[in-house]
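The values are calculated or read from the model by the stated rules, or taken from the named source; none is laboratory data. The shown structure was predicted, so the numbers you read here are calculated from the model rather than taken from an experiment. Cβ placement follows ideal geometry from the backbone for every residue including glycine, while neighbour counts extend to all protein chains displayed.
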Amino acid sequence: MPDDPTQDSTMPDTSSDNGSAASMSSADSGSAAAPTMAPVPSSGASSADSASPDPSSDANQDGSTSADASSPTASQTDTATAISQITALAAQSDIAAFRWADRGRAPAGYIKGMAVVYARVYLKLGAGDAAAAEMAKADTGDGSHDALSWFSDVFQNAGMDNSTGGTDTLRHLFVLLTGLGMRESSGKYCEGRDTSASNMTADTAEAGLFQPSFNARSANPLMPQLFQQYAGATDFVDIFKEGVSCSSANLANFGSGDGAEFQRLSKACPAFAAEFAAVGLRNIRKHWGPINMKKAEVRQECDDLFQQVQNCVDQLQITAI
């Protein structure tokens, strides 16, 4: 199928480029929040309340739910230190003050949250994680499926080389992903489906920062695996909350079963939303209207921040966030 500026007709839930009024109004607000979260659970933990993506009130500072939060382990302390330093870098970064086209400034929690998620995936890549490796593979040259190939001229103009797989390509993918999140949701983690579209089934209703739908999972086996790995998680949601308010309409899910749970998880766990979309960008770029129309911005300021995050993680010598 030749490349086209519209979304893939085989994927009925492709996202539009229109941000909701709630999204637009949230982009310039701000509130204080800097939580820390534990590594991804390997199996389904207790799900968050379906009406709200908030983590449970008895969670430890690092996101665990142990009854005794008074004696953090060395690993928890290292994670807390890393997240504190990473969010501080994000808060002081040029990209935090940047005004995105048609969107304005991102919510403070969006830039902080994306920096922390990038740190997690960067560490996963070093540990040989399959999903991270898929994200970081070299430009495939297949513009019909791979967003990095479709954006090759944009990356070339920005001086971002994706011809070799590895850390640089992963970082550049997250630069594009960050721009996509601003187009799709104005950086609002709890964004509900695109109300201008008619997709309201469990399989096609959009959800979260990057507005994918559950039917995108067929693009790569790693995508349903991520859905299972993050089951019940709320990783980093408190970071992404800063500067954002969520309405009952945002939190509504459609249909039932796994598709409805996908919508809930996409809003309750921004870490999942980011990893799912990142793999999707390498395999099903036509799922996203702002990618097809090349409206997602690729910013050097964002790449600079993620490079600083890498340096911070390397200096701390941690193995997971």
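List of remarks:
- Restricting attention to region 83-124 and to residues that are assigned to a helix (DSSP H, G or I) and of a type in the set (Phe, Trp, Tyr), the residue that is farthest from Ala274 (Cα to Cα) turns out to be Tyr122.
- Comparison of Ala147, Ala101, Ala127, Ala119 shows that the only residue that is within 26 Å of Pro224 (Cα to Cα) and surrounded by fewer than 20 Cβ atoms within 10 Å (Cβ to Cβ) is Ala127.
- Residue within region 298-319 that is of a type in the set (A, V, I, L, M) and either at pLDDT below 95 or farther than 16 Å from Arg171 by Cβ (or both) present: yes
- Close pairs from region 167-183: first over 23 Å from Asp102 (Cβ atoms), partner part of a helix (DSSP H, G or I) and among the charged types (D, E, K, R), Cβ under 7 Å, at least 6 apart: Arg171/Asp303
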